[in-house]
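The values are calculated or read from the model by the stated rules, or taken from the named source; none is laboratory data. Quick caveat: nothing in here was measured; it's all calculated off a predicted structure. Here the Cβ is made from the backbone with ideal geometry for all residues, glycine too, and neighbour counts use every protein chain on show.
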């Protein structure tokens, strides 16, 4: 369990200032190679005999105990990932088909929900298999080929793009619900408004642009660890984008916490507060309006969006907590730091699984919160069940038996 643990620690701590010093001298030397090179170029009196102590002085002491991933934890994590994969694929595909095939469901809010489902579907289909392979095989897939480098850049890019799609779509839903409540004369009809379509396109473009630094910065890195050559995928500051990537590397965790967690929650809180004030104001002004069917529908949609935002916050909080603890309480020169690394490793895997659950849970939330989606899901479930039953019958019965059972 040492190499899978090390590979994940590199992924976890690869975005921290002096991250590899928490592991071994080989990694520390790997990170500071370019800095030491420039340092000795500036000092013409430095020699090779003086360079070795300079490197080792920056290396913290070894951990007392090694970090490791238990086999039981691997299989539990794998089973959970497979369940998320199955539920996410079936749920999001069904949700997209419901919105596409029912004309009454083609409106602005549902178009944004479909955008959410499509982003989750892409993430689940590509990223979860790579996560499971990394954990079980203990190495990056196709690490020695160009395809492995392509996956190394695609994997973090899709992760951040998917989070951006979720975050900005939730913000768009919150704004749309406030506009719907504030404009009492506006009746929601069928069809997607042009404003909503433009918002969805902008959400996808902005999410992909913000994820570009991940694709640029991540690469296959080779280093020595305990006399073993290791190749893995991690964030590496390249010469071409040195200043930009170094700043991104140092500020990444706080940037992700602020942009992808605090902003959507703040946006939702502000617009839901305004929406509540607007609804209370109209409720006092007209009793007839407050009990109208039109208002009940808008309340149901508002409750649905609020549930999606709440689940998003609960699912993503553990992962952000893990990354922020890494910044605040982790001490790279503490010989007992590996106990903390073990805790952060487990918390990080738990946070990743919780964040991944967010990609498959939205259809389930819609089933329990929205009556319209619940009815549509029931129709689809009944149809799938009948299709499955007929396929089983066709497999085990002859055509003559099917004809007799169909026409008694």
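Before moving on, here are some points about what is shown:
- Residue match in the range 134-148 (condition: under 21 Å from residue 211 (Cα atoms), touching a helix residue (DSSP H, G or I) at 6+ places or on another chain (Cβ under 6 Å) and at pLDDT 90 or above): no
- Matching entry among 73, 85 (being outside the structural domain of residue 381 (by TED's automatic domain parsing), at pLDDT below 85 and under 33 Å from the mean Cα position of the chain (by Cα)): 73
- Residue 179 modelled with pLDDT of 75 or more, assigned by TED's automatic domain parsing to the domain that holds residue 277, closer than 16 Å to residue 298 by Cβ and surrounded by fewer than 18 Cβ atoms within 10 Å (Cβ to Cβ): yes
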